[in-house]
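Peer 1: Here it is, the structure in full.
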Number of protein chains: 4
Amino acid sequence: MPDATTTIDDLKAVVRQFAAVRKWEPYHSPKNLAMALASEVGELLEPFRWLTCEESREIVNDPVQREAIADELADVTTLLMHLSNHTGIDLSEALRQKMIKNEVKYPPPA
Amino acid sequence: MPDATTTIDDLKAVVRQFAAVRKWEPYHSPKNLAMALASEVGELLEPFRWLTCEESREIVNDPVQREAIADELADVTTLLMHLSNHTGIDLSEALRQKMIKNEVKYPPPA
Amino acid sequence: MPDATTTIDDLKAVVRQFAAVRKWEPYHSPKNLAMALASEVGELLEPFRWLTCEESREIVNDPVQREAIADELADVTTLLMHLSNHTGIDLSEALRQKMIKNEVKYPPPA
Amino acid sequence: MPDATTTIDDLKAVVRQFAAVRKWEPYHSPKNLAMALASEVGELLEPFRWLTCEESREIVNDPVQREAIADELADVTTLLMHLSNHTGIDLSEALRQKMIKNEVKYPPPA
């Protein structure tokens, strides 16, 4: 079930279920989740920090590095889904609303 | 089109199209995108930093605060979708693979 | 009073005094301060995110950009000093202890 | 040599020397250093993310946790000193200039 057929709600259900079984919900306040998200993003930055922009495009072709980066992207995705679950904010609606604002802020070139 | 019916690929197409029209792809190396993601997460943290965990649960009920937080979640989502587009890493697959590892790392209570 | 003659304790006293006058100490738990630090670092990242490494070296020569970056470095410094004040961890000692570990982790070239 | 007698320039010299011996300067563009700082701050957040504010005040009394947090504060301090070295921005001056702005932004209570 890749990105082509997986809905945002599918991923939100996966992480909700994982946390519920472990009784982690009491820890999942928006404050704590935002902090955990920042921590995971810090881990995502780590393999890229000393690379040039060009090198950062190539690193994902190395199978070991690719799996490490995929794991970090998965952790970031997990926290983002938890934040959606625990704030009740629909990510798809939020993104589309923000895009309308961005269209005004960054008008397309003529 | 809410999270219930929006696929990850739908969101990836929205942000890809937005960037393509503005010819932003040359800037979208994984390094730059990871850095931009960290910057947006910093903005998401801002409204929560001086709140208690309890207060952070309630702040999303205030309409003005809710829209501001939704905008920040949208920015984080946008960068995550760009990172998926530019690394070729499928977020749904990455999350499911990571969950298998997490099942071992955090076994469910007996 | 530049960096040449300013001690770490001098800066710690400046930020302690600023917070005390405003009665901000109750908000300055290590958790909140770490979160605020991450938020300020996010702002520091912002001007650099789409630049090449070379461009990031030159941007500080522009007076307007330089002042903006100096302001962000000041905010990061402020939070770091608050963290030292509120954890009682001496930054100079911590840095020197960590350097001893780093000497082992990253031995100097022969 | 604790914070009471260590100047900012002392710490800047320690980290400059450490990097020079290892010939790391070519990697130390402001962009890379800012990214590394964000990564280290992510590690600092980690022990605090699931704690209440009260618990975050107590965790530093545990010797093992205290050393881990001291190490993370040392890493953050190291990157901040590198950023000062490589931008030529004096942290003490920057902090004092920012405090003048903050006095206006957050006037003291009457």
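The values are calculated or read from the model by the stated rules, or taken from the named source; none is laboratory data. Just so it is clear, the model here is predicted, and its values are computed rather than measured. So basically every Cβ, Gly included, is an ideal-geometry build from the backbone, and we count neighbours across all protein chains shown. What goes into the accessible areas is simple: the full protein's heavy atoms, side chains included, and nothing from ligands, DNA or RNA. Shrake-Rupley method; radii C 1.70, N 1.55, O 1.52, S 1.80 Å.
Peer 1: What's the average, rounded to a whole number, of partner chain beta-carbon atoms within 10 Å of each residue's beta-carbon in D:95-101?
Peer 2: Neighbouring Cβ atoms belonging to other protein chains average 6 per residue here.
Peer 1: Nm distances between the label at D:Glu103 and the same-position labels in the remaining copies, 7 Å along Cα→Cβ, shortest first?
Peer 2: Label-point distances to the other copies, shortest first: 4.3, 4.8, 6.2 nm.
Peer 1: Can you give me the distance in nm between label points at A:Ala4 and B:Asp62, each placed 7 Å from the Cα along the Cα-to-Cβ direction?
Peer 2: 4.6
Peer 1: What is the average number of partner chain Cβ atoms found within 10 Å of a Cβ in C:102-109?
Peer 2: Neighbouring Cβ atoms belonging to other protein chains average 3 per residue here.
Peer 1: Would you please put B:33-44, B:49-60 in order of how densely packed they are, using the mean number of other Cβ atoms within 10 angstrom per residue and starting with the highest?
Peer 2: B:33-44, B:49-60
Peer 1: I'd like the projected area of the protein assembly as shown, averaged over all directions, using the convex hull of its alpha carbons. Report it in nm² with one decimal.
Peer 2: Hull-based average projected area comes out at 22.8 nm².
Peer 1: Which ³J(HN,Hα) values in Hz, rounded to whole numbers, follow from the phi angles of segment B:52-62 under the Karplus curve 6.51 cos²θ - 1.76 cosθ + 1.60, where θ = phi - 60° and Gly and Pro get x?
Peer 2: 6, 4, 5, 4, 5, 6, 8, 4, 6, 7, 7
Peer 1: How much of the accessible area of the protein assembly as shown, in percent, comes from carbon and sulfur atoms when a 1.4 Å probe is used?
Peer 2: 57
Peer 1: Can you give me the accessible area per residue for segment C:8-105, using a 1.4 Å probe, in Å²?
Peer 2: 40
Peer 1: 5 Å is the cut-off here: which amide hydrogens, built 1.01 Å from N in the peptide plane, fall below it relative to C:Trp24, excluding neighbours closer than 5 in sequence?
Peer 2: Result for C:Trp24 returns nothing.
Peer 1: Okay, moving on. For a quick size check, give me the Cα extents of segment B:1-93 along its three principal axes, largest first, whole Å.
Peer 2: 40, 30, 27
Peer 1: Buried accessible area for the A:B pair, summed, 1.4 Å probe, in Å² rounded to 100?
Peer 2: Answer for the A-B pair: about 6300 Å² buried.
Peer 1: Given the rule -39500 (n - 2.57) for each run of at least 4 DSSP H residues, summed and divided by the residues of the protein assembly as shown, what is its mean residue ellipticity at 222 nm, to the nearest 500 deg cm²/dmol?
Peer 2: My calculation for the protein assembly as shown gives -22500 deg cm²/dmol from helical runs alone.
Peer 1: Out of A:Asp71, A:Asp90, A:Asp62, any idea which swings most in a Gaussian network model of chain A, alpha carbons joined below 10 Å?
Peer 2: A:Asp62
Peer 1: OK, next. Would you kindly find the accessible area of B:Tyr106, with a 1.4 Å probe and non-protein molecules such as ligands, DNA and RNA excluded, rounding to the nearest 10 Å²?
Peer 2: Estimated to the nearest 10 Å², B:Tyr106 gives 90 Å².
Peer 1: Considering only chain A, pick the residue with its Cβ nearest the axis of the rotation onto chain D, and state the distance in whole Å.
Peer 2: Nearest-to-axis residue on chain A, with distance in whole Å, is A:Gly42, 1.
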